[in-house]
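Colleague: Below is the structure I would like to discuss, written out as structure tokens.
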Amino acid sequence: MSSWSCPHDLNGICQLVQGAACDPGMRGCVLHGKVRFASEDKNQPRKPVKHAQPAAPAKSPSKRRLPF
């Protein structure tokens with residue numbers, strides 16, 4: 001067995017399939033149809049799934065500098 005890290009994965013988001021969550025072997029992935037995974041469910045054809053956007057952090061009130 002060997003380990004592999006995708007160069008197109010950026011914080012869990014695929015850079016080849018824009019906006020998709022990184023799932024090695026999905027349609028559009030560089031591994032699609034080229035490798036065989038140990039898990040049988042990973043060997044089935046899969047469509048890309050849109051990456052869930054994290055909730056936007058609440059904006060804190062701006063800190064104004066006082067003139068004195």
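Just so it is clear, none of the values below were taken in a lab; they were calculated from the coordinates. Keep in mind it's a predicted model, so treat the numbers as computed, not measured. Neighbour counts are summed over all protein chains in view; Cβ atoms, including those assigned to glycine, are modelled from backbone coordinates with ideal geometry.
Colleague: Highest first, please rank the peptides 18-31, 36-49 by the mean number of other Cβ atoms sitting within 10 Å of their residues.
Modeller: Values: 18-31: 16.4, 36-49: 10.9.
The peptides rank, most packed first, as 18-31, 36-49.
Colleague: Quick query: amide H of residue 20 versus all other amide H atoms, modeled in the peptide plane; which residues come in under 5 Å with a sequence gap of 5 or more or a different chain?
Modeller: The answer is 14, 51.
Colleague: Compute the distance in nm between two label points, each set 7 Å from the Cα along the Cα-to-Cβ direction, one at residue 63 and one at residue 34.
Modeller: 4.8 nm
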